[in-house]
1. Within region 114-164, can you find the residues that are β-branched (Val, Ile, Thr) and touching a Phe, Trp or Tyr at 6+ places or on another chain (Cβ under 9 Å)?
2. Going through region 94-130 one residue at a time, which ones are outside any helix (DSSP H, G or I) and under 17 Å from the mean Cα position of the chain (by Cα)?
3. Within region 4-24, track down each residue that is of a type in the set (S, T, N, Q) and open to solvent by 30 Å² or more (accessible area, probe 1.4 Å).
4. Mind checking which residues of region 245-289 are open to solvent by less than 10 Å² (accessible area, probe 1.4 Å) and farther than 19 Å from residue 139 by Cα?
5. For residues that are closer than 17 Å to residue 309 by Cβ and either open to solvent by 40 Å² or more (accessible area, probe 1.4 Å) or of a type in the set (Val, Ile, Thr) (or both), scanning just region 232-242, find the one that is farthest from the chain's Cα centre (by Cα).
6. Where in region 1-93 are the helices (runs of 4 or more DSSP H), entirely inside, with at least 1 residues that are within 15 Å of the chain's Cα centre (by Cα) and more than 19 Å from residue 168 (Cβ to Cβ)?
7. Condition first: more than 14 Å from residue 43 (Cα to Cα) and surrounded by 18 or more Cβ atoms within 10 Å (Cβ to Cβ). Now tell me which residues in region 73-95 satisfy that.
8. For a quick check of your reading of the model, give me the residue pairs whose first member lies in region 96-114 and is surrounded by 24 or more Cβ atoms within 10 Å (Cβ to Cβ), whose second is acidic (Asp, Glu) and assigned to a helix (DSSP H, G or I), with beta-carbon atoms closer than 9 Å and at least 6 apart or on different chains.
Amino acid sequence: MQTHATAHNRVRAIFFLHGAAFSSWVPHIPLVQERLGLGHDELGGILLAAAIGVLAVMPIAGRLADRFGSERVVRYSGLFYFIAVGVPAFMPDYLSISIAMFALGFSGAFLDVAMNANGLQVERVKGRSIMSGLHGFWSLGGFVGAGIAAAWFALPISNEFHLPIVLSLFLVAHIIAQVGLLSDHAASEHLSGPKDASKTTATKTKDRNLFLMLLPFGVCAFIGQFGEGVLTDWATVFMNSELSSGPTLAAVGFAIYSFAMAATRLSGDALVIRYGRVLVLLTSSVLASLGTLVLTLSPNIVIAWIGCGIAGMGLAVILPLLLSAASQSTGKGGGAVVSIIAATGYSAIMAGPPVIGAIGEALGLVTAFALTSAFLAMIIPVYLLTMRRRLQIAANG
């Protein structure tokens, strides 16, 4: 059990570092927009490049994680990710930053799929829900990364030194943390022992229908991740342009959003066990929609911060809840589940921002955020129409 506890702590650290690195880049987005003189549609275009990078990796990340072991994919994809995060902030023109954003989306999604696959293996070995907690460590890392950025921007230190220094530290920490991750082989031996021919045949038959079984989970994941992508990439821009907050106060708003997500996710496993996945999912949809609407209609920065906090609470457990439920309802963990849901869900976290950029350029950011708020509420009818029985069949963790 000590080995499993160690593996749990190691994958927690990987989630934390991934979130910290990404949130370190986010406060630089309005600075890059201002430096290069990008309109909302052009900013949406470079974010679309990251979305394409995410989509490009989805067909292969899950397969590689299952074939070579999620722990190995975590190890090597992280080496590229922590370098790629810092590159876009230094690109001199639209083409070069678009290429850099593609690399950021590609490497980030590669690590994302692998670490979630590894987390599902640890969850299955431990026999209890841990995915919300793992995503809580991602958000806790996001809070720390955004907090460091906010403090850095407030000090009389050049912003150019921020990303190279913090990402170098995160890279060293990743190299240390990946040692001791649970191997997929060890997880399989612990769960089932040697496979017989009948089990292998049944598994192959089940795999044929896996996509259709997971599609409802993926649709809800898409909606939630769409909102998360919009809040992550556009909240600071919204506060800076619509409320004239300045980069420091906008970074504080993003830190509040990240803290609310971290706090909710860290308690998410207990909430699922106590209240059940259905109630937690539907409540999350309501809070996500409400928080985004509060941010949209906020007359000042303080109300905007409140909206960020409510939205963070709502978006917090949607994805980990769906990943855990999908793994349990199909009896599969690892890259197979993550990659299928990621194909519909994770792509949204990158696809949402460019869509909002185009809408924002045509109709204004206020309208774009209002539409996002309405879209987040669609999880409720999707659940009622397509996945009520499947989500209720899965135990509450």
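The values are calculated or read from the model by the stated rules, or taken from the named source; none is laboratory data. These numbers were taken from a predicted model, which means no experiment stands behind them. Cβ placement follows ideal geometry from the backbone for every residue including glycine, while neighbour counts extend to all protein chains displayed. Keep in mind that these areas ignore ligands, DNA and RNA; they rest on the heavy atoms of the full protein, side chains included. Shrake-Rupley method; radii C 1.70, N 1.55, O 1.52, S 1.80 Å.
1. Once the filter is applied, which keeps residues that are β-branched (Val, Ile, Thr) and touching a Phe, Trp or Tyr at 6+ places or on another chain (Cβ under 9 Å), region 114-164 yields only 144.
2. 130
3. Residues satisfying the conditions are 6, 9.
4. Answer for region 245-289, where residues must be open to solvent by less than 10 Å² (accessible area, probe 1.4 Å) and farther than 19 Å from residue 139 by Cα: 276, 277.
5. Restricting to residues being closer than 17 Å to residue 309 by Cβ and either open to solvent by 40 Å² or more (accessible area, probe 1.4 Å) or of a type in the set (Val, Ile, Thr) (or both), the top hit is 236.
6. On the way: elements: 2-25, 29-36, 40-68, 70-84.
Helices (runs of 4 or more DSSP H) meeting the threshold: 2-25, 40-68.
7. Matches in region 73-95: 73, 74, 75, 77, 78, 81, 82, 84, 85, 86, 87.
8. Between residues of region 96-114 that are surrounded by 24 or more Cβ atoms within 10 Å (Cβ to Cβ) and residues that are acidic (Asp, Glu) and assigned to a helix (DSSP H, G or I), the close pairs are 114/71.
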